[in-house]
Every structure is written in structure tokens, then in C-alpha cells.
Amino acid sequence: MDITYYNRKVYIFKFSYVIQVWDVHGEDPTKIVVLHSHVPFDFYADDAEDLGISYIVGLDDGERKRLFVVSRKGPIKDEGDYETKYLQAWDFDLENREWSEVSDLGNKTLFVGHSSTFWIEDTTGVIKGNCIYFTDDVVDVYRESEYGGGRDMGIYDLSDECFIRRHFTGKSRSHLTPPIWLQAFNQCKLSGVCVWFFVKRSME
């Protein structure tokens, strides 16, 4: 499950592939209603290979308001080993309530992980556009593993559907807090500033 605040409302994407909305500024700020209960078949067609992780965030396209939903897929082996094999991106239009698969974010870059889901639009060339940066957040599995989380990280390029695994150098493994995204809001053109934060054990 993931949750985001967008367009003055709280949106929730549940494990059952249901989008809920919570109008915290409405007449009844305690009421949560189902916005949409159907996703495209391709979204869950490979559930046998699904890590069970999804993300949701709001995206503006001019006056068009939409939600961006990402499903993270990959096998989990009996010995607890796992690896993200595919990140599937979908666009949900809040006006016509229709889904469409996304293969081009333009200059936008999406950051997903256990700590936060957000996007930026970078014109400096420091951040690779049309990509999804992801951290290791298969919490239920890595907490029971020998070294903890922090291995399954990288960048997914939507242009050619390939992974970049060597972008992050070094190792930072932890059962409690593997690397996470820190987001700082400001008033510049970017929607947020991301920092790659490594949590090291005290002995390192």
C-alpha cells in the first residue's frame, strides 16, 4: 500500500488494487471512499513474479490532473533472495478515470522506496530523466535475511526498459534502515530535492 497527498486530497493505493480518496478539506474530512476499483489486466497478470509493492504519486500535466502508479515486480526465492526485474508504470486520469500505460515521463524522474514516493523535473542533467530511481524496500523479506536490506537498488530507464545497477557505489546494508530517500521541499522549479542517504552500522 502507498499513500500520497495531491490536489488537496489524500489518495491511497491498496494491495487489492483499489484507489481510495480522502477529502481532508471536504464537508466530511473523516470519510474515505473508493475512487476506482479496477486496474488493467496487465497490471497484475504477473502476480506470481510480484514483489507485492506498489507506489502512487500525483502528477500535473498542464491542467490535467492524474495519478501515477508503479508496480514493482520480481521473483522471491525460497531462500529469501529477491531482485526487482520490472517496474510497470501506469497513469490514472482523475477526470475521465481511465488507465493508460506510461513509457515516457519526459524530463521528469520518479523516486520510489519505503520512505517516500515523489518526482522532480531536473534541467541540469544531474538526474537522469524518464527514469525511476528505486531503493530496497522489500521489508518483510530483508528483515529476516542475513545482511538486511540495501542490495536491491538501482535505476529503471523507461525509454529502453533496462536497469542501471551500478549507479550507486559502495554498500550499505541494514535490517532496520537500508538506504532511503530524503525529500526537501522548496520554492524553486523542482518539486523536491532528493538526497541519497546511507545508513551505516556503528562499526563501519
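None of the figures in this text is laboratory data; all of them are computed from the coordinates on show. In this text the structure is predicted, and so the values were computed from the model without any measurement. Note that each Cβ is placed from the backbone with ideal geometry, even for glycine, and that neighbours are counted across all protein chains shown.
As a rough guide to protection, the peptides 138-150, 64-76 ranked by mean Cβ packing within 10 Å, highest first, stand as 64-76, 138-150.
Pull out the extension gain between Asp140 and Leu176, defined as 0.36 nm times the separation in residues minus the alpha carbon to alpha carbon distance; nm, one decimal. Don't skip to the end; give the middle numbers.
Details: separation 36, 0.36 × 36 = 12.96 nm, distance 1.12 nm.
Roughly 11.8 nm would be gained on extension.
The distance between label points at Asp157 and Phe41 comes to 3.2 nm (points 7 Å beyond Cα on the Cα→Cβ vector). Largest first and in whole Å, the equivalent-ellipsoid semi-axes of the range 17-161 read 27, 20, 15, each the square root of five times a Cα gyration tensor eigenvalue.
A Förster distance of 35 Å, applied to the separation of the beta-carbon atoms of Tyr5 and Ile164, puts the FRET efficiency at 0.75.
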